[in-house]
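Worksheet: one structure, shown below.
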Amino acid sequence: MRSRGCACKSVLEMIFTDKKANSGGLQLADLIARPIGIKRLRPEQVNRAYDIITTKFHRSANGRFDGIGLKCFP
């Protein structure tokens, strides 16, 4: 896999699994990703799961986690 015309190989490789695999890791990722996505799409909506998850994020010295423990890409 090559990226952006670079002659080097990509470090990441996309792996897609069948829904039937029912992987524990994928379930955990979905459990964490959904509340974060909902908070980004509808910030005014009450989201108790997001409030719990944010207590686990890595934080800066001043207590912020945006850009440090949580990075959102377009």
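The values are calculated or read from the model by the stated rules, or taken from the named source; none is laboratory data. It should be emphasised that the depicted structure is a prediction, and the values quoted were computed from it without experimental measurement. Backbone-built Cβ (ideal geometry, glycine too); neighbour counts: all protein chains shown. Ligands, DNA and RNA are stripped out before the accessible areas are found, and what is left, the full protein with its side chains, is counted by its heavy atoms. Shrake-Rupley method; radii C 1.70, N 1.55, O 1.52, S 1.80 Å.
Quick look at the values:
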| quantity | calculated |
| --- | --- |
| Solvent-accessible area, 1.4 Å probe, carbon plus sulfur percent, for the chain | 58 percent |
| For the chain, alpha-carbon Rg and Dmax in angstrom | 16.4, 47 |
| Lysine-lysine proximity count for the chain, Cα under 26 Å, sequence distance 8 or more or distinct chains | 5 |
| Residue-normalised accessible area of the chain, expressed per residue, 1.4 Å probe, Å² | 93 Å² |
| Nearest-ten-degree value, helix 24-41 long axis tilted from longest Cα axis of the chain | 60 degrees |
| Sparse-neighbour loop sites [trypsin sites (Lys or Arg not before Pro); the range 17-74; at most 13 other C-beta within 10 Å; DSSP] | Lys56, Arg64, Lys71 |
| Dipole moment magnitude, nearest 20 debye, the range 7-52 about Cα centre, only Lys, Arg, Asp, Glu C-beta charged | 80 debye |
